[in-house]
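Taking it in order: structure first as structure tokens, then the write-up.
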Amino acid sequence: MNRIEIVEGDITRMTVDAIVNAANASLLGGGGVDGAIHRTAGPQLLKECRRLGGCRTGEAKITRGYALPARYVIHTVGPVWHGGTQQEASLLASCYESCMVLAQEYRLKSIAFPAISCGLYGYPLGQAAEIAITTISRSLTPGHSLEKVYLVCFGADVAAAYRDCFNRLKGASA
Ligand code: APR
């Protein structure tokens, strides 16, 4: 848990080894954080994404970051919230796991995640925050290359939900 930090801000401004994009299955851009990342990275990001052949929900693919301050972008596709009856929790956990596996493969030292699925895809913030923090914590084994994981919250409401969850889980694990 001590390698995880919750910050409030714009993920496209994070100077880390990789930022995570909450993409859609086409990987061809969209709104929200996906749109912001593509706008900041520039057209070469889309050009590389076109060659990836899409991405399945719960999986992740990595590209360069181009004009972003981050060296890489890890694109993952979160589940659309349908009320919790269609494996949404396990698919969201799989997003975080897949990103953590790629970070290890690329020996990354720092990564920044947005609140995957918590915007257009409608995932309830509190439940998503718990899945994010527990899944990342579980993946952060002593041998993992990551020294820092930022959870970047876009707005005070997201930050409050993440901080509440983080403090509750930290207290429980103490
Ligand atoms: N930096 C950090 N977080 C951001 C930023 C940003 N610049 N812009 C938006 N967010 C936050 C949103 O406020 C939300 O908390 O990212 C979280 C995820 O929201 P979305 O971007 O809407 O992503 P998601 O809910 O996973 O829906 C994905 O939206 O943009 C399309 O192409 C994308 O179809 C896909 C869908």
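Values computed for the structure shown
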{"quantity": "Number of the exception - LEU52 against (1) more than 9 Å from the ligand (Cβ to nearest atom); (2) farther than 18 Å from SER139 by Cβ; (3) part of a strand (DSSP E or B)", "calculated": "(3)"}
{"quantity": "Complete set of residues in region 103-123 that are in contact (Cβ under 8 Å) with a residue 60 or more places away in the chain and assigned to a helix (DSSP H, G or I)", "calculated": "ALA103"}
{"quantity": "Boolean, ALA89 is hydrophobic (A, V, I, L, M, F, W, C), part of a helix (DSSP H, G or I) and surrounded by fewer than 21 Cβ atoms within 10 Å (Cβ to Cβ)", "calculated": "yes"}
{"quantity": "Yes/no for VAL20 being touching a helix residue (DSSP H, G or I) at 6+ places or on another chain (Cβ under 7 Å) and closer than 18 Å to ILE136 by Cα", "calculated": "yes"}
{"quantity": "Inter-residue pairs, beta-carbon under 7 Å, first without any contact (Cβ under 8 Å) to a residue 24 or more places away in the chain and in region 55-81, second of a type outside the set (Phe, Trp, Tyr) and within 14 Å of the ligand (Cβ to nearest atom), 6+ apart", "calculated": "THR63/LEU45; THR63/CYS49; THR63/VAL73; THR63/HIS75"}
{"quantity": "Which listed residue, of VAL149, VAL77, is within 15 Å of the ligand (Cβ to nearest atom), buried (at least 23 other Cβ atoms within 10 Å of the Cβ), farther than 17 Å from SER26 by Cα and among the aliphatic types (A, V, I, L, M)", "calculated": "VAL149"}
{"quantity": "Pairs where the first residue, in region 143-160, is within 13 Å of ILE11 (Cα to Cα) and the second is part of a loop (DSSP other than H, G, I, E, B) and within 12 Å of the ligand (Cβ to nearest atom), C-beta under 7 Å, 6+ apart", "calculated": "TYR150/MET14; VAL152/GLY9; VAL152/MET14; VAL152/PRO114; CYS153/ALA115; PHE154/ASP10; PHE154/PRO114"}
{"quantity": "Within region 24-38, considering residues that are within 18 Å of VAL152 (Cα to Cα) and touching a residue at least 24 places away in the same chain (Cβ under 8 Å), the one farthest from the ligand (Cβ to nearest atom)", "calculated": "ILE37"}
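Each reported figure results from applying straightforward, stated rules to the coordinates on display, with no laboratory input. Please read these numbers as outputs of a predicted model, since none were measured by experiment. Here the Cβ is made from the backbone with ideal geometry for all residues, glycine too, and neighbour counts use every protein chain on show.
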